[in-house]
Amino acid sequence: MVRRFIEAQLAERPLSATNGQRLHPLTLLTASVPETFEYFNEVGKLISMLLRAASGILESDMIQHIDEDFGDMDNYFVMQAFDELASAWSSVINEIREWSFMEDANGAYRERIGQSSISNANEAQDMLLKNSADNPSMLASFMQFLATAAHLIRSDYIQLRMLMCEDSVYGNDAHGDVSVIDQGLLAKDYVVYEDQLQFFALLSRLDIRTSMDRLHESLCSRCNALQSEFGRIESKIKSGELAVSGGNSSQKTIDLLHEQIQWIILLIGHSLADSGISERVLIPQPIIDYSASCLSPEQDMVVQNIMVILKLLQFELEKITQSPLFTPFVLYLFDNISRIPESTHSSIVEALELLTCYAHSAEHDHYFSKIKALIMHGIINTLSDKDFEDQYHDSRIVSSILDGLDMMDGLLSAANFRNMDMVFQVVFEMHPILARLLSIYSSGDEVPRKVVQVLESAMRYLDISSLADDDYLLQFSHNIKDILHQYHALKQRRGVSLNSSTDIDSLGETTMLISTMSYFIRNEMGFAANEASQSANRAVSDSYGETEVFGLYCIHTTVSLEQLQAPNVLRGYMQFLSEMIQYRMPSLLRWLPLPVWHSVVAMLVKGTDNEIFDVCRRTYEAVSKLGAYLKVVGLGDAPDGLQQVLSNGIKQMLSKLLETLLFSPFDAELVEPAGVALVTLGLLDPEHLQACFRELFSSVHSGAAFAERLSATLSKFNSELESSEPIKSLLASTDLIPDPIDGAALRQPLFEFLVNARAVLRIK
């Protein structure tokens with residue numbers, strides 16, 4: 001009932017307005033009903049009471065060992081009620097934030113034109129609203145109230161989770177193999193956990209400073225307790241006490257602390273970042289604002305929590321390698337890996353290398369040589385067999401090669417600063433093997449797909465900047481380009497230039513290829529800001545630029561347009577293209593063939609009104625970077641054909657982008673990047689932009705007054721752009737690779753222009 005009431009209030013859209021601003025339903029409710037805050041305060045208390053009730057059930061069950069079925073039933077109803085109220089509370093927070101975002105964006109426009117939204121309320125209510133209600137102050141007060149109530153809810157939820165961990169560890173003794181909570185609704189379904197974690201994250205972001213302080217305190221206390229417990233165990237081992245008393249009690253304590261630490265880390269992780277399931281994976285603005293307000297990393301609890309987690313991982317790994325059972329365990333895995341399912345070999349190699357990195361240097365060298373032998377021995381023996389050329393499709397041979405490549409992938413996943421040079425050496429030794437495999441097997445086989453996966457992992461996990469000198473940097477670039485050439489030749493051997501298959505395996509291979517090149521360019525930029533940077537050797541920069549451009553060429557000549565437009569493939573492609581334009585524009589002009597330029601421009605045109613948020617955002621970024629480069633640097637002595645392709649593409653993108661902004665349903669978060677792209681393209685071809693506007697004027701059928709209003713809106717927008725400092729800064733830039741226009745300064749005039757223009761154009 002409470003949830004339905006809250007959601008019903010949020011669904012109301014009052015017609016009353018004050019100071020030219022439509023009122024939020026909560027603003028109207030709070031101004032009209034003084035008891036509103038008291039009501040929501042009682043709801044907050046009810047949420048906390050439910051959490052404390054669940055904690056009480058757990059404590060009672062653990063102490064008195066009552067029937068677990070009885071406890072489960074209580075938890076079912078208590079936590080179901082909690083989930084209902086948490087959902088309603090989340091709706092309130094999200095609604096206010098979304099409303100505030102839109103009102104901030106459009107507020108300046110309403111102030112300038114001096115118009116109210118709608119005002120149909122009666123006179124008495126208008127007087128009440130005029131005297132007591134406005135959105136910013138009322139909603140700010142409401143959010144402050146929610147933040148105060150959230151502190152108690154967060155504390156109660158943390159306490160409940162810690163008790164759940166205790167029950168899961170110690171409850172096994174009383175209830176058999178499955179704990180009470182694991183049988184109930186509270187922990188039965190991961191979706192329930194996810195909802196609760198997201199609710200906790202929303203509450204944390206209301207007051208991120210206090211929340212991070214509380215979580216940091218909880219995390220540090222349990223990490224310190226874990227280290228102390230390990231210290232006591234070491235003391236008992238030295239004194240021989242552990243052999244007499246047994247280690248079950250200490251193990252239970254360690255299990256409990258691990259369980260509690262895991263949940264604290266989950267709470268921290270969900271508070272600091274969204275789940276990543278949706279298209280928009282962004283750092284929440286409250287986190288950014290909080291960290292920016294901290295004077296030093298020592299005061300920033302976001303940084304400090306992450307540091308504690310990293311130190312804990314290092315401590316755990318060091319303790320594992322110091323165990324007297326560690327060496328026998330590792331040797332057992334090395335000796336018996338052939339008896340373990342091949343599907344686990346990659347993970348085993350990754351885990352072995354990560355663990356042995358923390359052993360003494362000589363021990364690590366020994367273990368690494370054994371891992372290398374595991375990877376290389378099977379593949380080299382297979383390729384060296386005199387009958388390999390005739391039997392390379394034999395299932396046993398293919399399985400052996402795939403197993404070796406899987407283990408190589410596991411080793412790459414374990415690359416870190418302790419073993420980077422050694423892993424690079426294995427990669428250099430694997431180059432001729434990977435190239436030969438691509439020259440033997442056909443497209444569509446598992447082996448080439450696995451080679452692409454290994455290549456992606458190399459680009460993802462290796463740190464190119466750690467290579468010793470320019471010779472190694474050049475060798476690595478040449479090796480990657482050689483493998484790409486072999487892959488391209490493999491695709492051409494089928495007699496079909498493009499792979500048009502849209503099955504899962506083919507799409508996965510295409511995604512990995514694009515991801516490989518995207519990781520490559522980001523990895524390379526670890527030692528060079530962009531192609532114009534003076535921090536990189538010219539020969540090295542040219543070599544990497546040529547390799548990356550060939551990667552783009554390889555994508556367009558081995559992948560069909562149908563495949564490129566698959567959602568996940570398109571997301572990765574637009575990201576890679578945006579990075580190429582940002583970092584490698586001179587190389588693109590120098591090496592990318594004209595037919596591929598046709599395809600690149602066509603993809604940019606298609607991306608301007610795509611339904612996928614990330615695709616649109618990346619497209620607008622790419623267009624803005626491309627436009628900035630062409631405006632400041634120009635095409636130089638580029639062939640006429642390329643100039644014509646880009647000129648036609650600019651016209652198409654201008655027309656389509658303007659139409660999208662003015663007529664299509666549009667995500668407010670995309671207005672800024674889309675507006676920057678539009679303005680940048682307008683600087684390149686102002687005549688075509690004006691032609692587009694003239695066409696818009698002629699399409700207005702509602703009279704001269706509306707056409708004049710639209711013309712005035714455009715004139716005002718143009719005037720503000722002419723005086724815009726970011727645009728002046730771009731036009732005055734002399735950088736070899738200029739930065740795009742800063743969109744923050746364009747946000748207000750863009751919103752004003754779009755709100756007014758869309759309103760006029762929608763009048764029939």
Amide H of Val559: which non-local residues (sequence gap of 5 or more, or other chain) have their own amide H closer than 5 Å, using H built in the peptide plane?
Asn499
Say each of Ser250 and Glu687 gets a label point 7 Å from the Cα, pointing the same way as Cα to Cβ; how far apart are those two points in nm?
8.4
Stretched fully, the stretch from Phe697 through Asn648 gains (0.36 nm per residue minus C-alpha distance, one decimal, in nm) 15.3 nm
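Carbon and sulfur together cover what percent of the accessible area of region 338-400 at a 1.4 Å probe radius?
C and S atoms contribute 51 percent here.
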Rounded to 0.05, the calculated FRET efficiency for the beta carbons of Glu318 and Arg493 at R₀ = 56 Å is 0.65
Would you mind calculating the gained length between Ser361 and Ala744 on full extension (0.36 nm times residue separation, minus the Cα-Cα distance), in nm to one decimal?
132.8 nm
Accessible area per residue for region 398-496 in Å², computed with a 1.4 Å probe and the full protein assembly in place, what is it?
37
FRET efficiency estimate (nearest 0.05) - Cβ-Cβ, Glu234 to Ser90, R0 45 angstrom
0.45
Return the FRET efficiency for the residue pair Gln285, His478: r is the Cβ-Cβ distance, R0 is 51 Å, and the value is rounded to the nearest 0.05.
0.70
Taking a cut-off of 22 Å between Cα atoms, list the lysines near Lys481, but don't count ones fewer than 8 places away on the same chain.
Lys450, Lys491
Using Cα positions and a limit of under 27 Å, work out the lysines in reach of Lys252, with same-chain residues fewer than 8 apart set aside.
Lys188, Lys236, Lys238, Lys311, Lys319
Note, region 379-391: 3J(HN,Hα) by Karplus (6.51, -1.76, 1.60, θ = phi - 60°), whole Hz, Gly/Pro = x, goes 5, 5, 4, 5, 5, 7, 4, 5, 9, 4, 4, 8, 10
Environment charge at Tyr553 (Cβ cut-off 15 Å; Lys +1, Arg +1, Asp -1, Glu -1):
+1
Length added when fully stretched, Ala273-Glu298, from 0.36 nm per residue minus Cα-Cα
6.9 nm
Region 593-702 accessible area per residue, 1.4 Å probe, protein heavy atoms, integer Å², reads 40
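The values are calculated or read from the model by the stated rules, or taken from the named source; none is laboratory data. Since we're looking at a predicted model, the values are computed, not measured. Quick reminder, even Gly has a Cβ in these numbers, built from the backbone with ideal geometry, and neighbours come from all protein chains shown. The accessibility values were calculated without ligands, DNA or RNA, using every heavy atom of the protein model including side chains. Shrake-Rupley method; radii C 1.70, N 1.55, O 1.52, S 1.80 Å.
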